[in-house]
Structure formats: C-alpha cells, structure tokens
Amino acid sequence: CDDQLRDIVKKLRERTELFKEKVIDPYSSSPERSPPITPVYRKEDWIRKQEAERIKREEAEQKKKEEDAKKAAAKKEKEEKEKKEKEEKLKAEKEKEKEKAEKEAAEAICPKINCTCIDTLLKPFEDKMDAFLGTTIDSFTDRRYIKWLSVVTVAFNYNVWLATARLCFPYHTPVTIPFWIFFDILADLVNIIDITMFQPRLQFVKAGDIIKDRIMAKQRYRESARFQTDLISIIPFDLLCFHFGFTSIFRINRFIRYQSFFEFSDRLESVMAKAYIWRVGRTTGYLLFCLHLNSCLYYVASEYEGLGSTKWAYDGKGNAYLRCYYFATRTLITIGGLPEPHTLFEIVFQLVNFFTGVFVFSSLIGQMRDVIGAATAGQTYFRASMDSCVAYMNTYTIPKQVQNRVRTWYNYTWDSQGMLDESELLEKMPLVMRTAIAVDINLATFQKIDLFKGCDNQMLVDMLLRLKSIVYLPGDFVCKKGDIGREMYIIKAGEVQVIGGPDNKIVFVTLKAGCVFGEISLLQSAKDGGNRRTANVAAHGFANLFVLDKKELSDILVHYPESQKVLARKGRKLMKAKGKAAPVKDEGEKKKGLAMFGQKPPTPKMLRFQLKHAYKNASHYNSPFIYII
C-alpha cells in the first residue's frame, strides 16, 4: 500500500509541474487530448452556410449523373459497334459458306437436291418409326442398327453376286424372270428404307458434343457425299428393260452401296468377342467372289469363242456355273492340268488369268496370314514366355517338381484369364475406363468389409485401382502364422482354407469368392507383434486373389485424413474384439517357467503333527516361538 501511495503522489507532482508550465507559457501543449471546437454561427450565417452546402451537394449529384449518362452512352455505343461488327462478320461467314457451298455444288458429281416434298410424304412414317427406333440412333452401340445393317448387307450381296451371274449366264427365262423381279424389288425396298429411315437418324459428333437432334442429323446426312451416292444407287434404271429387254446390266448402280457392307463389317467387329472369326470369313468371301467373277468371265469368253468349239472353251454340258467356277478355281490358284489354249484370244485370256491369280491369291493369302497371326498373337506370346521360363529352369537344373508347378501355373493362368498379367491390358486404357472396370468388379465387395465401412467412396475407388491379381496353385500357402502382414487379400475366384494343427490338417474355415482376409494387418504396427499373421491360409484348389499392399494403402491414406482416422479407430476395435496376438515363446522357456512357479509338494504328516503340538505349547506359555514359526 505504501508503494502505491508513493506512486500516486509522484504522478500528482508531475501533473502539478506540467500545469505550472502551462500557466507560465500559454503556448505549451497539454498531455491530454483537446476536445473539438464547435464554431458558433449567427442565424443568418448558419442559413447561408446550409444553402451553400445544399447547392454544392446538388452540383455534385448533377455532375455524377452526367458522368454516368456519358458512361452509359459510351457503353451502349460500344455494344452497338460490337454487335454491328459481329453481324458483319457473321454475314461475311455466311457469304463465304455460300460461295463454298456453290463451289462444292459445282464440283460435285450431282447437284444438291431439295427433299421438302419427300419429307412431307415421309413425315407420318418417320413419326411411327420414332416409337421403335427413337429420334436418333447410336451407330456404335445400338444392336438394332447392326442387325439392320446385316439386312442391308444381304441386299448388297444379292446385287453383287447374282446381278453378275445373271448378266453372264443364261438365267433369264420366262419362268425365272418373275422371281428375279420380286427379289430385285425386295432388295431395292431395303435400300430405300435404309436411306429414308435409318441413315438420317444416325448420331454424330460435332466439336466434341454428341448431336442427338434428328433434324440436324438428317441435314448432315443430306449434305454428305454418301447421300448423293445412295441416291444414285437407287435410280430405277430397271425401267429401261421395257425397251431393251430384261437384263441385270441396269442394276450395276446398286454396287455403289459398298459403304454399307464395310460399315457393317466394322460394327460387327466392334461387338464380337472373337472378331478374327469374322475377318477370316470376310477374307474367304473375297477369295470366293474373285473366283465368281473369273467364272463369269470364262463363260463369256467361251460363248464368244463358241461353246464347245475348242477344247479350252466350255462345252455347254452340265451345270454351267459349277463347271466354270471349277475352271476359275484351278486357273487362279494355278493348280494346273488345264486344257491348252489354241487361239490368240484364249492365250491372252489365260495369261491375264494367271497373272491376276498370282497377284490376287497371294494378296489374299497374306491377308489371311495377318488375320490368323493377329488372332493367335496372345497364344504366341504365352508360348514364348513359357518356353523362355522352361529354358531358364533347365539351365539352372531346377528340380522337376518345381518345373511342373511352374508349367501348371502358366497353363492355368492362361486358361482362366487369357493373359499372364491383367495389368498390361488395363494400363493401355484411360483412367476413367480402368476405374469403371475396377468399380464394377470389386466395389460391392469392398463396401461389405467392416473395416472400410464409413470411409470415403473415392478412397475405396483409389484402392481398387491398386489391386494386383495373383494366382495360387492347390496347396500353396497364401500366408503363414507368424509372418509379417504386408497385404490384404480379396478372393476373386476359387477357395482358400484357414488351417492348423501339427501337420496343418485341421480346417477351421473355408473362404470362398468375395471373402476378404488379412485386412487388420494393414493398420497394425510391428510393436508387440501386432502385424503378425495369426493363422495359416492355404489355397484349396486353384485360387485367384486380389492383393492390396500396405505401402499402397499408406500412400492413399495421405490424401484422406478423415478415412485414416476411421480406419485407425476401427482397427483398434477389431483387434480388441479378436484379441492381440501374443508373442510365441519357445517350449523350453515355457517348461522352465512352470518349474519355477509350479505347485509345491505337500508337507509330511509327522512334520505337521509336531508343528501343531509346538503351536499349542507356545500358546499356553505365551512363547514367542509362534511368531518364529
């Protein structure tokens, strides 16, 4: 208290000295803040001041309005100028497109056709087809379009094969002509339906967007070169038969629709599991068609020379087409044993046949070799890998039992999944597709694991992408009791058994496809053996397992701290529920401990009697012997 009083007295004295100086020197400043001085006005001055402030405020507001109006006018003028420039640019682009279209139309095979009248007639049919096909069709994934393309391909092959045969061979008779007319009309009807109903509905990609509007799809098809060729292919030149007689020469324009055949081939390959079958069949078809054309030309040449006029020419007996086809086959494949040509025409024809046969047949054989080679490329790689491994084992004299197990692993892995390493195939795919495949296969299984319930779904997806597929042979140990746990396992196919006993003959439980084991070891540390395996797990038969490494999980959890906390908490709960794995001691140490702390032998009867008698005497004489005892 004395110190506080002294401090107060000191401050008061300092303050007194300051005020003394203020009295002596009126210009000295006070340590305190001076209050603001409020000026005093007379009434007239106050009114005049208020009026001046109001006028000044109004002038400032007026000036601000004028500046805002100028800015708005400048902005409007700028927008109008930009709009005008945009319109001029758009107009210039339209004129440029118009000039380009006119130039293309001038250079095109046929001018653009206005189909307004046809659209009006087809409008009711198009509306009815919307109920079956929809407004647009995805040409890559819609199986209905592929089925329809197969019908169009049949119509194309009908025209290509039979029109040439009818043109060369005498197949137009009064009996067969009505049938030919019927099938011709049917094939033309298929082409017309394809041009009017299917092709204008095909979706297309523009600037990365999939266009599904039917009007835009129709406009795009009408502006394409394919539409012009399709129109040419259905021009009914057959009507000229009324003047020139019935012949298939007027159906040659139907051959222009070859694009439909190749489109069907591409779409079919994309949906087939074994596309090489179609490639082999298509190449064989090319060979047969070449022989077909050669047989037609041989019959025409024989007819030109005169049927049966020479030994080389067709004699007119038997089935004309089969006999000519047989001749064409032996000629193009250069089998030999053919009749010798005599006339100049026959010699030239046969030389051209030989040269064409060598070129065409060698090309088709080469193409067939490539197709079969591509189909068996995986098998060739598998055989080369297995042969290299066997050669390596023979070099280092590996035991036969181990070699047989390695061969078994190679054969089963190839038979079960068609490749030795699935990751090689998946690495070539984009991340989005790899994620979709992984989610479809294993996400449901991951979500059922108690340890991962409540974790971020994206973290589970990242874990799925890190899984590795491993095949175990019958009897192989997946993990052994006491081993350090570094992986978690998901059973993809097959079964594993948890075994024990002296000879590992006791089966505790059998885990089937979709089960998970080893997940707790991923989260336990090496302290007190927490990450040690607690049981032996062996493959029962062939087993295909997905494996997740502990390091991979740690890398993932860095980006998901909340999920890391959840996993740590659940890992502790599961360990408490199952009980921590106690460290394994040696049998000798166990016996030694029991010997040290085991049950003591019983006290002899005579010694018990003497002790009891001594206790009674000591109690009677109040002897300290009892305490000693």
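Solvent-accessible surface of segment 430-578, averaged per residue with a 1.4 angstrom probe and all protein chains in place: 54 square angstrom.
Name the residues of segment 460-487 whose amide N is less than 20 Å from a point 7 angstrom out from the Cα of M393 along the C-beta direction? Those under the cut-off are 470-478. Quick note on segment 291-366: its Rg to Rh ratio, both from C-alpha atoms and Rh being the Kirkwood radius, is 0.96.
Once the convex hull of the alpha carbons of segment 209-262 is built, what does its volume come to per residue, in cubic angstrom? Let's see the in-between values first.
Working: hull volume 5.5 nm³, N = 54.
Looking at segment 209-262, the number lands at 102 Å³ per residue.
Using only the heavy atoms of the protein chains and a 1.4 Å probe, how would V175, V151, V566 rank by accessible area, largest first?
Working: V175 110, V151 65, V566 25 Å².
Per-residue accessible area, sorted high to low, gives V175, V151, V566.
Fully extending the segment from I232 to L420 would add 62.4 nm, taking 0.36 nm per residue of separation and subtracting the current Cα-Cα distance. Report, in listed order, any pair from K480/K551; K400/K550; K94/K206; K218/K274 with a Cα-Cα distance greater than 24 Å. Among K480/K551; K400/K550; K94/K206; K218/K274, the Cα-Cα distance tops 24 Å for K400/K550; K218/K274. Report the FRET efficiency, 1/(1 + (r/R0)^6), for W278 and I193, where r is their Cβ-Cβ distance and R0 is 22 Å, rounded to 0.05. E between W278 and I193, to the nearest 0.05, is 0.35. Multiplying the residue separation of A377 and D7 by 0.36 nm and removing their Cα-Cα distance gives an extension gain of 123.0 nm.
Evaluated over the Cα positions of segment 113-268, the convex hull gives a direction-averaged projected area, one quarter of its surface, of 10.6 nm².
Below 14 angstrom from the Cβ of A163, what's the summed charge of the other residues (Lys, Arg +1; Asp, Glu -1)? Don't skip to the end; give the middle numbers.
Details: positive: R166, R251, R254, R257; negative: D184, D188, D238.
Around A163, the surrounding residues sum to +1.
Grab the Cα-Cα distance for K400 and S554, subtract it from 0.36 nm times how many residues apart they are, and report the gain in nm with one decimal. Please list the in-between numbers first.
Numbers: separation 154, 0.36 × 154 = 55.44 nm, distance 4.04 nm.
So the chain would gain 51.4 nm between K400 and S554.
Which GluC sites (Glu not before Pro) in segment 408-441 sit in a loop by DSSP (not H, G, I, E or B) and have at most 13 other Cβ atoms within 10 Å of their own Cβ? Don't skip to the answer; put the middle values down first.
Working: sites: E422, E424, E427; in loops: E427.
Filter output for segment 408-441: E427.
The Rg/Rh ratio for segment 430-578, using Cα coordinates for both the radius of gyration and the Kirkwood hydrodynamic radius, is 0.96.
The values are calculated or read from the model by the stated rules, or taken from the named source; none is laboratory data. Keep in mind that what you see is a predicted model, and the values were worked out from it rather than measured. As a convention, Cβ positions derive from the backbone with ideal geometry for all residues, glycine included, and neighbour counts pool all protein chains shown. These accessible areas exclude ligands, DNA and RNA; they are computed on the full protein's heavy atoms, side chains included. Shrake-Rupley method; radii C 1.70, N 1.55, O 1.52, S 1.80 Å.
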